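Worksheet: the structure to be examined is printed underneath.
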Amino acid sequence: MKRGIKTIIAGVVIFVFGAFVVPLLFIFPLIFGKSNEVQFKVPGTFEANAEKPGRYYLWNDFQTIYDGKSYNRSESIPDGMQITIRNSSGAALHLVTDTSISSNNGSNCQKSIGYVEIAGPGKLEIEVTGGDERILSFAPSNLLKIFGLILVAVGSTAVVAIGGIGIGVWGIIKLVRSK
């Protein structure tokens, strides 16, 4: 085999690995990762646990399966539905309305209702009155985690793919010089 061919092949393999395999290593956890959100049926009262401070979202799971029963409701919460979230001392937390986020994961479709800022870990009570029977969920915000994962994936992909191109070019140079 001519000098440089192995280097070119190595560069192509590294480029393909960087361009296709590395992104999949970051995408799979987003798609198949275990969600830490807790679903519950409303109207009613539900107790949730905030493990750490931060922003926690309340979601309308408008298309989901809960306890073996399928639910297919409107993306919008019904008129007259009242939501109160209290911390462990019983003080009502301010629910900031934010319906800008949608999520579709397999058989579960959800739209954000809003969020609360949690100052410290502890138990929370979510009380929902009015409206029809539907499923809501409550979970910490993972938007920063997702954006961070995307940035790391793009950076890793670029570094490995550019490295593969560089090795391939080096192989071509070696091949040309050996003639």
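The table that follows gives values for the structure above.
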read-out	value
Pair list, Cβ under 9 Å, 6 or more apart: the stretch 153-179 residue in the same structural domain as GLY11 (by TED's automatic domain parsing), other residue modelled with pLDDT of 85 or more and among the charged types (D, E, K, R)	GLY171/LYS6
Subset of the stretch 80-102 (residues that are over 17 Å from ILE118 (Cβ atoms), under 24 Å from the mean Cα position of the chain (by Cα) and not in a strand (DSSP E or B))	THR99, SER100, ILE101
Count of the stretch 50-73 residues which are surrounded by fewer than 19 Cβ atoms within 10 Å (Cβ to Cβ) and polar (S, T, N, Q)	3
Residue among VAL152, VAL176 that alone is loosely packed, with under 13 Cβ neighbours inside 10 Å and under 16 Å from the mean Cα position of the chain (by Cα)	VAL152
Residue in the stretch 144-151 that is under 30 Å from GLU117 (Cα atoms) and β-branched (Val, Ile, Thr) present	yes
Identity of the residue in the stretch 125-142, within 23 Å of the chain's Cα centre (by Cα) and either among the small types (Gly, Ala, Ser) or closer than 14 Å to PRO53 by Cβ (or both), that ends up surrounded by the most Cβ atoms within 10 Å (Cβ to Cβ)	SER137
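The values are calculated or read from the model by the stated rules, or taken from the named source; none is laboratory data. For clarity, every value in this text was computed on a predicted model and none was experimentally measured. Every residue, glycine among them, receives a Cβ derived from its backbone with ideal geometry; neighbour counts consider all protein chains shown.
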